[in-house]
């Protein structure tokens, strides 16, 4: 066993959330160590599509999250500019908008209900006839019925973002440790902390942030009253490449049951299933078939693309599908977990909220629905 130099902060988890927190904390002068069980950005971040879509994903059943998601989207342009300067990397940010398309009469009727909810929320939304939608995206099928346009929804490449965050955090002084799986966080007498790694190393940080996604509940030592009930929600996804280069689709295309997200280089992300299967990361022929079938029905040219990758990830979800972000009921412990479908969108905002807690500063008012203390004493797995 070896005792490492005690950092001010140990961030457990090296996806986009943990790296964003580490970068911001290092910028403020904290000595930061990031502990990642595998490779940085190699888990859920690696398979994420990167939609920044507070309007398209507005859900009347999750209304408290709308203000949070809008606040997250508002931060993104400045976040991208600053991170590109700090890392020297280009992040694949596309201010492209989103189309939600209907294939038949039933879906067109559902689209009308979607429009009503967006109008009630005051979100910029345009109803498009099929001919109008095809003027914007000529590759759409002539048989489509109706579409909604969300002009303020954007997209980004999460793989580029996580790589840039790792570079920026390292340049700011953070220590990044890949292959450093945490087995236990110990609360010692007097309130001090010890972070035990599987390899025997022990760190004694001043504070700890849990940002390990769906794997967080596997870390022992966290007091029951402070734990967050998390479950993994599996999502299968495909990555496609157009040999002819970009141009098939310029906007994010959403359909009932999936989406296609363009990259600037002629690649596309097609997703995603929603499966309650625990920690299963297998990929299945049936899921790939259904995703391709639904997408090709709206975007026939997709059938000509090359399949480069089929993968699966685990979205970390809480019982109310809202993240747990902020200080725990136990002093010096902080949460940044449970982002479910919005981890990429909320990474900059999550970093701001957590940093405020680390420094004893007031959290943004929008953070109230994310308070981890709402889960105090809720059993893990509930």
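What number of residues within segment 109-126 are touching a helix residue (DSSP H, G or I) at 6+ places or on another chain (Cβ under 7 Å) and part of a helix (DSSP H, G or I)?
2
Just give me the residues in segment 289-303 being in a helix (DSSP H, G or I) and touching a residue at least 60 places away in the same chain (Cβ under 8 Å), in sequence order.
297, 298, 300, 301, 302
State all residues of segment 138-156 that are within 22 Å of the chain's Cα centre (by Cα) and not in a strand (DSSP E or B); if no residue qualifies, say none.
151, 152, 153, 156
Show the residue pairs meeting these rules: Cβ distance below 8 Å; 6+ apart or different chains; first residue within segment 90-116 and at positive phi and without any contact (Cβ under 8 Å) to a residue 60 or more places away in the chain; second residue assigned to a helix (DSSP H, G or I) and surrounded by 20 or more Cβ atoms within 10 Å (Cβ to Cβ).
none
Residue by residue through segment 248-258, note down the ones that are more than 19 Å from the chain's Cα centre (by Cα) and outside any loop (DSSP other than H, G, I, E, B).
Of everything in segment 248-258, just one residue is more than 19 Å from the chain's Cα centre (by Cα) and outside any loop (DSSP other than H, G, I, E, B), namely 255.
Residues of segment 259-287 being in contact with a strand residue (DSSP E or B) (Cβ under 9 Å, 6 or more places away or on another chain), surrounded by fewer than 21 Cβ atoms within 10 Å (Cβ to Cβ) and either not in a loop (DSSP other than H, G, I, E, B) or not assigned by TED's automatic domain parsing to the domain that holds residue 135 (or both), which ones?
Scanning segment 259-287 gives 267, 275.
Quick check on this structure: which one of 245, 173 is assigned by TED's automatic domain parsing to the domain that holds residue 257, surrounded by fewer than 18 Cβ atoms within 10 Å (Cβ to Cβ), on the phi > 0 side of the Ramachandran plot and not in a strand (DSSP E or B)?
245 is the lone residue from the list that is assigned by TED's automatic domain parsing to the domain that holds residue 257, surrounded by fewer than 18 Cβ atoms within 10 Å (Cβ to Cβ), on the phi > 0 side of the Ramachandran plot and not in a strand (DSSP E or B).
Which condition breaks for residue 26 when tested against (1) under 13 Å from residue 164 (Cα atoms); (2) in contact with a strand residue (DSSP E or B) (Cβ under 6 Å, 6 or more places away or on another chain); (3) surrounded by fewer than 24 Cβ atoms within 10 Å (Cβ to Cβ)?
Among (1) under 13 Å from residue 164 (Cα atoms); (2) in contact with a strand residue (DSSP E or B) (Cβ under 6 Å, 6 or more places away or on another chain); (3) surrounded by fewer than 24 Cβ atoms within 10 Å (Cβ to Cβ), the lone unmet condition for residue 26 is (1).
The values are calculated or read from the model by the stated rules, or taken from the named source; none is laboratory data. As the structure is a prediction and not an experimental result, all values here were calculated from the model. No Cβ is skipped: glycine too gets one built from the backbone with ideal geometry, and neighbour counts run over all protein chains shown.
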